[in-house]
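Worksheet: one structure, shown below.
Here, each number is a calculation from the coordinates, and none is a lab measurement. Not measured: the values here are computed from a predicted model. All Cβ positions, even for glycine, are placed from backbone atoms using ideal geometry, and neighbour counts span all protein chains on display.
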Amino acid sequence: ELSLSANASLFYSKEGELTGAQMIFSDVTHLEELEEGIKRAERLASLGVMATGIAHEIKNPLVSIKTFAQLLQEKYNDKDFREQFSSLAIKEVDRINALVEDILVFAKPRGIVWEDVDIKEVIKTTIVLLLPQFPDKKIEIKESVPSEPLIIKGDADRLKQALLNVCINSVQAIDREGVIEVKAEKEDDMVRIAISDNGCGIKKEVLGKIFEPFFTTKGKGTGLGLSIVARIIDEHKGSIKVDSVEGKGTTVFVELPVRQKENQTDELFGTYNRK
Ligand SMILES: Nc1ncnc2c1ncn2[C@@H]1O[C@H](COP(=O)(O)OP(=O)(O)OP(=O)(O)O)[C@@H](O)[C@H]1O
Ligand SMILES: [Mg+2]
């Protein structure tokens, strides 16, 4: 299998008459392999970020199953208890199972799955995964969303990953105590999301660099977080902007189109796969 990129241009004379055309094919197989490698690294990095949230989500149901199992011996003859135990155990095991499925889907490379996504649901899951990230900080999370669903065409898992990366930055920007606010609204054909924190803020000099892969000001950061976010928003044909005042806080604005244009094909400029 070979990947070719094709570039075409037309030549005109001074009089505006078409005199010829040129098409250049370049072999981009190696470039694509490199890109795959970067995507793999990004996936692993964000899996690491999510690990704390995931561990917490698995631990909770395990604790309730264990508590009930410990009581089972002495309460074995209590019919109500037995029924409660069996329904709880099944529910909690299902919860862990669904989570493990999610992780497998996330860890495996896969194409974008376009579906109807409710941004309100995405925000809700993001907050659930975010809460265990700061056991020793006092952070209030404010959610401000309209009562009706905010449906867009998109990939729910990727969008959750994007919002989580942004929110984790906010948590990390807050030293001990603070507020993170997640707002979402629909206007015309756009869903607008704004995530603000009253954390340390970003120095003017580095504001232009934060979307670069591997740019980090943190001792333990990989600097991939926001580059992954930018890629996901780009895949959704959306836009992202960051406002920040050092010492005051940061707001990340994300805009996502409600619909994706179908059959987006590049006619003259594109990458062809010859199999
Ligand atoms: N909410 C925020 N408040 C303050 N600084 C921020 C915020 N969001 C991003 N930054 C700055 O942008 C840099 C890049 O962020 P990014 O998420 O890409 O990488 P990281 O958080 O350093 O590492 P990683 O996300 O890979 O763990 C951060 O190191 C930080 O300096
Ligand atoms: Mg980050």
query: If the chain between Ile112 and Glu212 were fully stretched, how many nm would it gain, using 0.36 nm times the residue separation less the Cα-Cα distance?
result: 33.7 nm
- prompt: Residue-wise, which Karplus ³J(HN,Hα) couplings in Hz belong to region 116-124, taking 6.51 cos²θ - 1.76 cosθ + 1.60, θ = phi - 60°, and x for glycine or proline?
  reply: 6, 10, 8, 4, 5, 5, 4, 5, 4
task: Given a cut-off of 25 Å, name the pairs among Lys209/Lys237; Lys91/Lys153; Lys160/Lys237; Lys39/Lys241 whose C-alpha atoms lie farther apart than that in the structure shown.
output: Lys91/Lys153
- prompt: In whole Hz, what ³J(HN,Hα) sequence does region 17-29 give by Karplus (6.51, -1.76, 1.60; θ = phi - 60°), x for Gly and Pro?
  reply: 8, 5, 10, x, 9, 9, 10, 10, 9, 10, 7, 10, 4
query: How do 19-27, 223-231 rank on mean C-beta neighbours within 10 Å, highest first?
result: 223-231, 19-27
message: For a protection proxy built on the mean count of beta-carbon atoms within 10 angstrom, sort 1-9, 186-194 highest first, please.
response: 186-194, 1-9
message: Check which residues have an amide H placed less than 5 Å from Gly199's amide H, if you skip close sequence neighbours.
response: Thr250
statement: In Å³ per residue, the alpha-carbon convex hull of the chain encloses 211 Å³
statement: Longest principal axis of the chain (C-alpha) makes with the long axis of helix 225-235 (C-alpha) an angle, in degrees to the nearest 10, of 60 degrees
message: Using the Cα centre of region 75-225 as the reference point, and only Cβ charges (+1 on K/R, -1 on D/E), how large is the resulting charge dipole? Debye, rounded to the nearest 20.
response: 620 debye
field: Dipole of the chain [Lys/Arg +1, Asp/Glu -1 at C-beta], most positive-end residue of Ala8, Ala98, Ile151
entry: Ala98
- prompt: Tell me, what HN-Hα J-couplings in whole Hz come from the Karplus equation 6.51 cos²θ - 1.76 cosθ + 1.60 at θ = phi - 60° for each residue of region 135-142, using x for Gly and Pro?
  reply: x, 10, 10, 9, 10, 9, 10, 9
statement: In deg cm²/dmol, rounded to the nearest 500, the helical mean residue ellipticity at 222 nm of the chain, built from -39500 (n - 2.57) for every DSSP H run of length 4 or more, is -14500 deg cm²/dmol
Cα centre as origin, Lys/Arg/Asp/Glu Cβ charges: the chain dipole, Debye: 840 debye
query: Which far-off residues, 5 or more places away or on another chain, put their amide H under 5 Å from the one on Val258, with H placed in the peptide plane?
result: Met190, Val191
- line: So for R0 = 22 Å, FRET eff. of Ile58-Ser87 from the Cβ-Cβ r, to 0.05, ends up at 0.65
statement: With Cα coordinates, the longest principal axis of the chain makes an angle with the long axis of helix 79-107, in degrees rounded to 10, of 20 degrees
Stretch gain in nm, segment Ser147-Glu36, where the contour uses 0.36 nm per residue and the Cα spacing is subtracted: 35.9 nm
message: Using 0.36 nm times the number of residues separating Asn7 and Lys137, minus their current alpha carbon distance, what extension gain do you get?
response: 41.5 nm
message: Let's test the formula: R0 of 25 Å, r as the Cβ-Cβ distance of Leu44 and Phe253. What FRET efficiency results, to the nearest 0.05?
response: 0.35
